[in-house]
Amino acid sequence: MGMGMKIDQNQRSGWKMTFGWPAVLAAGMLLVSVIVLFLDSLSGSILLVFTVIFCGCVYFWYRQYGGRLTKQMVAFGSDYAQLQKQLLYELEIPYAMIDAEGTVLWSNREFKLLTDKEKNKRRRLDTLFPDLDMHQVCNNSQYMTVVSYQEKQYRMKVRQVYLQDVPSAFEESLHIETKVDLFVVYLFDETELLAYQRKTEEEQLVAGLLYLDNYDEVLDSIEEVRRSLTSALLDRRINKYIHSYEGMTKKIEKDKYLILINRKNLLLMQKNKFSILEEIKSVNIGPETSVTVSIGLGMEADSIEQNFEYARTAIDMALGRGGDQVVLRAGENISYYGGKAQAQEKSTRVKARVKAHALKGIIENREKVLIMGHSIGDVDCLGSAVGVYRAAKTSGKRSYIVMNTVTKSVEPLMNRFLESAEYEKDMFIGSEEALELVDDQTLVVVVDVNRPSRTECPELLERTSQIVVLDHHRQTRESIQNAVLSYVEPYASSASEMVAEILQYYAEDIRIRSMEADALYAGIVVDTNNFQNKTGVRTFEAAAYLRSCGADMTRVRKMFREGIQDVITRAATVGAAEIFREEFAISICQGLTDENPTVIGAQAANELLNIKGIKASFVFTEYHHTIYISARSIDEVNVQVVMERLGGGGHLSIAGAQLNHCSAEEGIVQLKHILTEMIENEEI
């Protein structure tokens, strides 16, 4: 309507020029006649006579026709405005005018038909459309949104106009004062379009891979005559589940399936929390044996091929997190479901042997080896690093262990290496030295961590493309992506156990020294809490191997005896624990020295599990303006998924997280909120 006003102003200017030029011409001719009269009286007189006659004609024309033309112009303008109003009234798009309060001042026929004729008279727009936010509408010169009305959906476009832009023919019908801002409202029926868009989204294909986690182990545990029946039962249960959601399955290996399903049915699976995770365990195999499945799903890619790439990434993450869960990757967003069962230990060592041979080949093709663990390294971190150090030395490579902070828990073990003449003085280096040493011929081995931000020196990962990861923590969405070799086994008790297995297959002539065996053994002891947590057959086999290499249990025990202050602090932490919802023990570890920041908190969390009725414990420790959380459970609560909500991770029974820019008390409030929400949603 503003454009319409500009056109009217241009027309007025044109009319003034059209009907004003005779008077201007007459005045000009009169001036010329006077000038000519002074120069030549005869010529001037003749010209003056013609000028007077012309002026008379002009005067007569204005007198005779001027009023009539003015009336015709006024009538035309009035008819033009009325026509414009009539066209808007009959416009097939619902159209209305509202004031700054949202009151409907005028509407056309389609808008009235849509909103039940006269019921909308002098009503507010947000009364007609309750979901509309009038504050946003009236505070923007242009606003667009989607509204619902009588089971239809409309795209609403609101544009601000000013009263001077409105043709005069509307002023009487609007009944408003001058200098008031108005808003024009357009409604476009997009019900059918949105329905097609929704249907298109619902029919999008989701690619998936389903793996039976412990298929071989389960079949080996039952009689041979029952194996074919068990395999058929598992196959039938999987196919029945996928087909119930109108999906398609294709068995690609004995324990692997390809899945295709549309997005609509995937949402139903999510709503039912992927019941296949529990259904597959109900297959009658044996009193203490059950099969678990892992599923990786990919969606929202540009092609079905890319969706399968997402599915492959997702299944790797599901297996890396211990299995018995679903990982859904939608673009860059990753969601986790399940993961409540304890990771099943693999009875075969084939994978460890393959990884050992691969690691040897990679090390022998590099000039230097830099080994690092997570920041504020613990005993398992140091023990596994020492084990890799021995492997690199066996291959004749220059090797270094990157460690910046030496805590009280690792100091006794580390001092043994520093004081021994059998080891180089630069066996342990800091981040700055490591950054000076790294080049294209350097291999970086990351142990006991798979999150780049948690490593001792994240910059090292950016300086080389040759990276090896050896870890026993469950993977999260933040992981080292460009590793040439990644060996992540959540079933393992510790990184030291994994490295001890690798060393057995690394080389026939490898000779592990007693101090190195002590370090690896100590890592297993600390991470298993003296073989009480996450221990399996292979854990004891690794310990036995280390014992045969010279590990001394008495020497290790003496090495980790505590001071009286640490015992008092741990006891105070246990005594100050708060019991939340009768199932969770929460406490704050205070009064620590810089020498032992988080170990006491972890020990206190372990002791809190000895309280009857406690399913999980959480201990908060403040160190250098960062809050460290130690989370522990026995088997009833998956503390790893709880810590992931706080940006951390770990295992089903052992996990942790770090909080910045908040106090321990604020962290406890966050934890309680997360626990309450997860319990209500049956996620733990």
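Matching residues to (1) of a type outside the set (Asp, Glu); (2) assigned to a helix (DSSP H, G or I); (3) at pLDDT below 90:
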site	(1), (2), (3)
Arg511	yes, no, no
Met515	yes, yes, no
Asp518	no, yes, no
Gly523	yes, yes, no
Asn530	yes, no, yes
Asn533	yes, no, yes
Thr539	yes, yes, no
Tyr545	yes, yes, no
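If you go through the range 601-640 one residue at a time, how many are basic (Lys, Arg) and under 16 Å from Ile586 (Cβ atoms)? Total satisfying the criteria: 2.
Of the residues making up the range 206-230, those that are surrounded by fewer than 18 Cβ atoms within 10 Å (Cβ to Cβ) and in a helix (DSSP H, G or I) are Asp216, Glu217, Asp220, Glu224, Val225, Arg226, Arg227, Ser228, Leu229.
Scan the range 497-522 and report the pairs whose first residue is not assigned by TED's automatic domain parsing to the domain that holds Lys534 and hydrophobic (A, V, I, L, M, F, W, C) and whose second residue is in a helix (DSSP H, G or I) and modelled with pLDDT of 95 or more, with Cβ atoms within less than 9 Å and a gap of 6+ or a chain change. Pairs found: none. Checked against the criterion of being over 19 Å from Asp324 (Cα atoms), part of a strand (DSSP E or B) and in the same structural domain as Ser294 (by TED's automatic domain parsing), the range 262-277 has at least one qualifying residue. Test Met559 against the stated conditions and say whether it is exposed (fewer than 15 other Cβ atoms within 10 Å of the Cβ), touching a helix residue (DSSP H, G or I) at 6+ places or on another chain (Cβ under 9 Å), closer than 23 Å to Glu419 by Cα and in contact (Cβ under 8 Å) with a residue 24 or more places away in the chain. Taking the combined requirement at face value, the residue does not satisfy it.
Taken over the range 562-571, residues that are of a type outside the set (Ser, Thr, Tyr) and either assigned to a strand (DSSP E or B) or surrounded by 15 or more Cβ atoms within 10 Å (Cβ to Cβ) (or both) amount to 3. Summed over the range 608-650, residues that are modelled with pLDDT of 90 or more, among the charged types (D, E, K, R) and surrounded by 20 or more Cβ atoms within 10 Å (Cβ to Cβ) total 1.
Once the range 296-343 is narrowed to residues that are aromatic (Phe, Trp, Tyr) and more than 19 Å from Val642 (Cα to Cα), the residue that is nearest to the chain's Cα centre (by Cα) is Tyr310. Scanning the range 276-312 for residues that are of a type in the set (D, E, K, R) and at pLDDT below 85 yields Lys281, Glu288. For the range 622-655, the set of residues classified as in a strand (DSSP E or B) and either acidic (Asp, Glu) or more than 22 Å from Tyr337 (Cβ to Cβ) (or both) consists of Glu622, Tyr623, Thr626, Ile627, Tyr628, Ile629, Ser630, Arg632, listed by residue number. Scanning the range 228-245 for residues that are touching a residue at least 12 places away in the same chain (Cβ under 8 Å) and out of contact with any Asp or Glu (no Cβ under 7 Å at 6 or more places or on another chain) yields a count of 8.
Do we find a residue being under 25 Å from Gln441 (Cβ atoms) and in contact with a Leu (Cβ under 9 Å, 6 or more places away or on another chain) anywhere in the range 336-355? Yes: the range 336-355 contains one or more residues that are under 25 Å from Gln441 (Cβ atoms) and in contact with a Leu (Cβ under 9 Å, 6 or more places away or on another chain). Selection over the range 159-205 of residues that are modelled with pLDDT under 80 and either assigned by TED's automatic domain parsing to the domain that holds Gln82 or surrounded by fewer than 16 Cβ atoms within 10 Å (Cβ to Cβ) (or both) gives a count of 15. As a summary of the residue check, Val354 satisfies the conditions (1) among the β-branched types (Val, Ile, Thr); (2) touching a strand residue (DSSP E or B) at 6+ places or on another chain (Cβ under 7 Å); (3) farther than 28 Å from Gly563 by Cα except for the one numbered (2).
Checking each residue in the range 651-661 for being out of contact with any Lys or Arg (no Cβ under 9 Å at 6 or more places or on another chain) and either closer than 17 Å to Ser633 by Cα or surrounded by 14 or more Cβ atoms within 10 Å (Cβ to Cβ) (or both) picks out Gly656, Leu659.
Considering each residue of the range 485-505 in turn, at least one proves to be β-branched (Val, Ile, Thr) and within 25 Å of the chain's Cα centre (by Cα). Among the residues making up the range 3-60, a single one is at pLDDT below 75, among the polar types (S, T, N, Q) and farther than 30 Å from Arg159 by Cα: Thr18. The set of residues from the range 547-556 being surrounded by fewer than 18 Cβ atoms within 10 Å (Cβ to Cβ) and either not in a helix (DSSP H, G or I) or not hydrophobic (A, V, I, L, M, F, W, C) (or both) comprises Arg547, Ser548, Gly550, Asp552, Thr554, Arg555. Just to verify a result, which residue in the range 246-264, among those that are free of Cβ contacts under 8 Å to residues at least 40 places away in the same chain and crowded, with 16+ Cβ neighbours inside 10 Å, is farthest from the chain's Cα centre (by Cα)? This residue is Thr249.
The values are calculated or read from the model by the stated rules, or taken from the named source; none is laboratory data. The structure displayed is predicted, hence computed values, not measured ones. With ideal geometry, Cβ positions are generated from the backbone for all residues, glycine too; neighbour counts draw on all protein chains shown.
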